[in-house]
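Trainee: I am attaching a structure below and will ask some questions about it afterwards.
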Amino acid sequence: MAAPLIAVTGSLLDASGDRPERVALNAAYLRAIEEAGGIPWLVPPGATTDTVRATIDRCDGLMLTGGADISPARYGEPLDGSTGISEPRDAMEFTALAHALGRGIPLLAICRGLQVLNVALGGSLWQDLPSQRPSNIAHRQPEDRHIATHQVRVGPTSKLAAALGATDITTNSMHHQGINRLGEGLCPTAWTTDGLIEGIELPNPPFALGVQWHPEELTPTHEHARRLFAAFLEAATG
């Protein structure tokens, strides 16, 4: 059986000095997909709507990756703490997500990706957690990306718990935004001890999960991270 193709969304880096505009993606995402048995296929910001849809048509799953903030205009709010907004990336990812959900292919949404899924379904975000929702938890950790720093509780009957093989895990944390109003049809599935939603899922399609942490950075050291990617690739294999 052929390895499944996974559409993976990238970031757009602005031109700087003698460097032209570039598309970028952390290598950890690619390694996690390949180690789980898939073939990653980059979806670049700035691609036309037709190109994005054609890419999703050819792929067996979609992974929305982390990155800078979504434009708050997409959830009807003025700018109040969001940074690094990229309209080309927003346009690409919202198009890719809508087409993937329409096709019913497996979806794994990571960090910003979880936020894109929430906003696309009518939800909103805290634009800056430290100022708008203070907590004793460091949601943007000072430690390296591969170090797990806080606990996450996972709903025991959720698809996420089944994928992770656990209901109490330790994760990394690299975000300053988070879910405020939950999007329509989404089920919250994981929480930090301060009550912030860290996991979401849709009842349909069969695999449509979002996590606020970065499991791709934890696969070398954490079984729950490896299991999550294995479950995603198994769903994409059909």
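The values are calculated or read from the model by the stated rules, or taken from the named source; none is laboratory data. Given the structure is predicted, the values throughout are model-derived calculations rather than measurements. When we count neighbours, we look across all protein chains shown, and the Cβ atoms used for this are built from the backbone with ideal geometry, even at glycine.
Trainee: Within the set of pairs 6 or more residues apart or between chains, which connect a residue that is touching a residue at least 60 places away in the same chain (Cβ under 8 Å) inside segment 38-54 to a residue that is in a strand (DSSP E or B) with Cβ atoms less than 7 Å apart?
Mentor: Partner pairs satisfying both residue conditions: 38/6.
Trainee: Write out, first by first residue and then by second, each pair whose Cβ atoms fall under 6 Å of each other, whose residues are 6+ apart or on separate chains, and whose first residue, in segment 170-182, is over 15 Å from residue 200 (Cβ atoms) and modelled with pLDDT of 95 or more while the second is among the aromatic types (Phe, Trp, Tyr) and assigned to a strand (DSSP E or B).
Mentor: none
Trainee: Among all residue pairs at least 6 apart or on different chains, which show Cβ distances below 6 Å where the first residue, located in segment 24-36, is surrounded by fewer than 21 Cβ atoms within 10 Å (Cβ to Cβ) and of a type in the set (Gly, Ala, Ser) and the second is at pLDDT 95 or above and in a helix (DSSP H, G or I)?
Mentor: As it stands, the answer is 28/216; 28/217, since those pairs meet every condition given.
Trainee: Filter segment 157-210 down to the residues that are over 22 Å from residue 72 (Cβ atoms) and touching a Cys at 6+ places or on another chain (Cβ under 8 Å), then identify the one that is surrounded by the fewest Cβ atoms within 10 Å (Cβ to Cβ).
Mentor: That would be 203.
Trainee: Any residue that is of a type in the set (Lys, Arg) and not in a helix (DSSP H, G or I) - is there at least one of those in segment 154-168? I'd like the intermediate steps shown before the answer.
Mentor: Step one: of segment 154-168, the residues of a type in the set (Lys, Arg) are 159.
After this cut, where a residue has to be not in a helix (DSSP H, G or I) as well, the list is none.
No.
Trainee: I'd like to verify a number: residues in segment 140-159 that are touching a residue at least 60 places away in the same chain (Cβ under 8 Å) and touching a Leu at 6+ places or on another chain (Cβ under 8 Å), how many?
Mentor: From segment 140-159, those touching a residue at least 60 places away in the same chain (Cβ under 8 Å) are 145-146, 148, 152; that's our starting set.
Imposing the further condition that a residue be touching a Leu at 6+ places or on another chain (Cβ under 8 Å) reduces the set to 146, 148.
Total satisfying the criteria: 2.
Trainee: Can you name the number of the only condition in (1) of a type in the set (Gly, Ala, Ser); (2) more than 20 Å from residue 174 (Cβ to Cβ); (3) assigned to a loop (DSSP other than H, G, I, E, B) that residue 195 fails?
Mentor: (2)
Trainee: Going by the structure shown, is residue 113 surrounded by 15 or more Cβ atoms within 10 Å (Cβ to Cβ), of a type outside the set (A, V, I, L, M), part of a loop (DSSP other than H, G, I, E, B) and under 15 Å from the mean Cα position of the chain (by Cα)? Step through it out loud before you land on a result.
Mentor: Values: surrounded by 15 or more Cβ atoms within 10 Å (Cβ to Cβ): yes; of a type outside the set (A, V, I, L, M): yes; part of a loop (DSSP other than H, G, I, E, B): no; under 15 Å from the mean Cα position of the chain (by Cα): yes.
Taking the combined requirement at face value, the residue does not satisfy it.
Trainee: Also, I was wondering about something else. Of everything in segment 203-213, what is within 27 Å of residue 102 (Cβ to Cβ), in a loop (DSSP other than H, G, I, E, B) and touching a residue at least 24 places away in the same chain (Cβ under 8 Å)? Give them in sequence order. First the steps, then the outcome.
Mentor: At the first step, the residues of segment 203-213 found to be within 27 Å of residue 102 (Cβ to Cβ) are 203-212.
Filter once more, keeping what is in a loop (DSSP other than H, G, I, E, B): 203-207, 212.
Listed by number, the residues that qualify are 204, 205, 206, 207, 212.
Every residue, every condition in (1) at pLDDT 95 or above; (2) under 21 Å from residue 60 (Cα atoms); (3) assigned to a strand (DSSP E or B); (4) in contact with an Asp or Glu (Cβ under 6 Å, 6 or more places away or on another chain), yes or no:
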site	(1), (2), (3), (4)
88	yes, no, no, no
98	yes, yes, no, no
109	yes, yes, yes, no
130	yes, no, no, no
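Trainee: Suppose we filter 89, 19 for residues that are among the basic types (Lys, Arg) and touching a Ser or Thr at 6+ places or on another chain (Cβ under 7 Å); which single one remains?
Mentor: Working: 19 fails: touching a Ser or Thr at 6+ places or on another chain (Cβ under 7 Å).
The unique qualifying residue is 89.
Trainee: If you check residue 73 against the conditions, is it loosely packed, with under 15 Cβ neighbours inside 10 Å and under 15 Å from residue 205 (Cα atoms)?
Mentor: Spelling it out, it is not the case that residue 73 is loosely packed, with under 15 Cβ neighbours inside 10 Å and under 15 Å from residue 205 (Cα atoms).
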